[in-house]
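Participant: Structure incoming, see below.
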């Protein structure tokens, strides 16, 4: 009897232990299953992109998408046959929904035009600020974290930073005027503009800083100030960079007209020394793009020339 009782206790103990082990194994399996599910969700999240520039970033990150912007501009080859979802500043949310979008990625410039509609339709959003060099790189890194592409994003950001390492010998005493032209007007770009931020990243001085410091009435609007030849004559930039945006051909004609019509421009040392550089519109514009490393390299060549 005693033996039977002990045997029964031992048997019950083994059974309880077995149940506990099975339960623990079940918990571990549930945890692993959950982790796999999360990872799959991160990898398989359905992304649409509402910006041509950012589509090239996503392509560099080897990210699949379900929707792309409607545009005549060049898209990554792998995205050309992806369904269109409308313009960068005003996506068609019926199309955004029809492709199953879970995350819509756009340019921060158009956040106010996109965000409310995205919320109404329950679509998550992420924006990349293309207005300056530093902000562009920062947001690419943040995007990498959001879509589980941290390694790819870090590699891309490293590529964009590499020219700064190679151009450390650029003359930091240079003073540069950056003239942005359209078919209707010409403005001076501040260091908070995209091209201005590239010049700043290279450590070169922007003449606008001197102009604004000595003229309290000069105020920047959207990172640009009115072009005033008299102020340039006083501050004398060593180099003048020009770039057009909008209709590039018309903008370039406007810039040529600017220098050709007023002989007072010849009183600038930069003009006398033939130090006027019209920047390539494929590399330079009002916002950052995938060619940012080439743009820095080109500026380095100009500044070291």
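The values are calculated or read from the model by the stated rules, or taken from the named source; none is laboratory data. This structure is a prediction, so every number in the text was calculated from the model and none was measured. All Cβ positions, even for glycine, are placed from backbone atoms using ideal geometry, and neighbour counts span all protein chains on display.
Participant: Which residue out of 105, 85 is in the same structural domain as residue 150 (by TED's automatic domain parsing), crowded, with 21+ Cβ neighbours inside 10 Å and within 23 Å of residue 138 (Cβ to Cβ)?
Facilitator: None of the others qualify; the one that does is 105.
Participant: Which residue, of 48, 55, is within 19 Å of residue 120 (Cβ to Cβ) and within 19 Å of the chain's Cα centre (by Cα)?
Facilitator: Matching residue, one of 48, 55: 48.
Participant: List the pairs whose first member sits in segment 171-192 and is free of Cβ contacts under 8 Å to residues at least 60 places away in the same chain, whose second member is part of a loop (DSSP other than H, G, I, E, B), and whose Cβ atoms are under 7 Å apart, counting only residues at least 6 apart or on separate chains?
Facilitator: So the pair list comes out as 172/203; 172/204; 187/227; 188/227; 189/223; 190/220; 190/223.
Participant: Is it the case that some residue within segment 267-280 is closer than 24 Å to residue 156 by Cβ and surrounded by 17 or more Cβ atoms within 10 Å (Cβ to Cβ)?
Facilitator: Within segment 267-280, one or more residues are closer than 24 Å to residue 156 by Cβ and surrounded by 17 or more Cβ atoms within 10 Å (Cβ to Cβ).
Participant: Turning to a different aspect of this structure: Is there a residue in segment 215-226 that is out of contact with any helix residue (DSSP H, G or I) (no Cβ under 8 Å at 6 or more places or on another chain), in the same structural domain as residue 284 (by TED's automatic domain parsing) and more than 24 Å from residue 109 (Cα to Cα)?
Facilitator: Yes: segment 215-226 contains one or more residues that are out of contact with any helix residue (DSSP H, G or I) (no Cβ under 8 Å at 6 or more places or on another chain), in the same structural domain as residue 284 (by TED's automatic domain parsing) and more than 24 Å from residue 109 (Cα to Cα).
Participant: Still on this structure, please answer the following. Of all residues in segment 284-297, which are outside any helix (DSSP H, G or I) and either more than 16 Å from residue 57 (Cβ to Cβ) or in contact (Cβ under 8 Å) with a residue 40 or more places away in the chain (or both)?
Facilitator: Passing the criteria: 284, 285, 286, 287, 288, 289, 290.
So that you can scan it fast, the table gives a plain yes or no per residue for (1) over 21 Å from residue 249 (Cβ atoms); (2) more than 15 Å from the chain's Cα centre (by Cα); (3) in the same structural domain as residue 284 (by TED's automatic domain parsing); (4) modelled with pLDDT under 90:
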{"position": "152", "(1), (2), (3), (4)": "yes, no, no, no"}
{"position": "155", "(1), (2), (3), (4)": "yes, no, no, no"}
{"position": "164", "(1), (2), (3), (4)": "yes, yes, no, no"}
{"position": "175", "(1), (2), (3), (4)": "yes, yes, yes, no"}
{"position": "181", "(1), (2), (3), (4)": "no, yes, yes, yes"}
{"position": "192", "(1), (2), (3), (4)": "yes, no, yes, no"}
{"position": "195", "(1), (2), (3), (4)": "no, no, yes, no"}
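Participant: Residues in segment 49-66: is at least one modelled with pLDDT under 95, outside the structural domain of residue 291 (by TED's automatic domain parsing) and either assigned to a loop (DSSP other than H, G, I, E, B) or closer than 20 Å to residue 152 by Cα (or both)?
Facilitator: In the first step, residues of segment 49-66 are kept if they are modelled with pLDDT under 95; the result is none.
No, that holds for no residue.
Participant: Give the residue that is surrounded by the fewest Cβ atoms within 10 Å (Cβ to Cβ), with candidates limited to residues of segment 237-247 that are under 26 Å from the mean Cα position of the chain (by Cα) and either at pLDDT 85 or above or outside the structural domain of residue 284 (by TED's automatic domain parsing) (or both).
Facilitator: Among residues in segment 237-247 that are under 26 Å from the mean Cα position of the chain (by Cα) and either at pLDDT 85 or above or outside the structural domain of residue 284 (by TED's automatic domain parsing) (or both), the one surrounded by the fewest Cβ atoms within 10 Å (Cβ to Cβ) is 240.
Participant: Continuing with the same structure: How many of the residues making up segment 102-138 are assigned to a loop (DSSP other than H, G, I, E, B) and either in contact (Cβ under 8 Å) with a residue 40 or more places away in the chain or more than 9 Å from the chain's Cα centre (by Cα) (or both)? Explain how you work it out, then say what you get.
Facilitator: Going residue by residue through segment 102-138, those that are assigned to a loop (DSSP other than H, G, I, E, B) are 102, 121-123, 129-132.
Narrowing the set further to residues that are either in contact (Cβ under 8 Å) with a residue 40 or more places away in the chain or more than 9 Å from the chain's Cα centre (by Cα) (or both) leaves 102, 121-123, 130-132.
Result for segment 102-138: 7.
Participant: Consider only pairs whose beta carbons are under 6 Å apart and that are at least six residues apart or on different chains; among these, list those whose first residue lies in segment 248-275 and is assigned to a loop (DSSP other than H, G, I, E, B) and whose second residue is surrounded by 13 or more Cβ atoms within 10 Å (Cβ to Cβ).
Facilitator: Short answer, once both residue conditions are applied: 275/239.
Participant: So, of the residues in segment 67-82 that are touching a strand residue (DSSP E or B) at 6+ places or on another chain (Cβ under 6 Å) and either outside the structural domain of residue 147 (by TED's automatic domain parsing) or in a loop (DSSP other than H, G, I, E, B) (or both), which turns out to be nearest to residue 98 (Cα to Cα)?
Facilitator: Selected residue: 82.
Participant: Since residue 230 meets every condition but one in (1) touching a strand residue (DSSP E or B) at 6+ places or on another chain (Cβ under 9 Å); (2) free of Cβ contacts under 8 Å to residues at least 24 places away in the same chain; (3) surrounded by fewer than 17 Cβ atoms within 10 Å (Cβ to Cβ); (4) not in a loop (DSSP other than H, G, I, E, B), which condition does it not meet?
Facilitator: (1)
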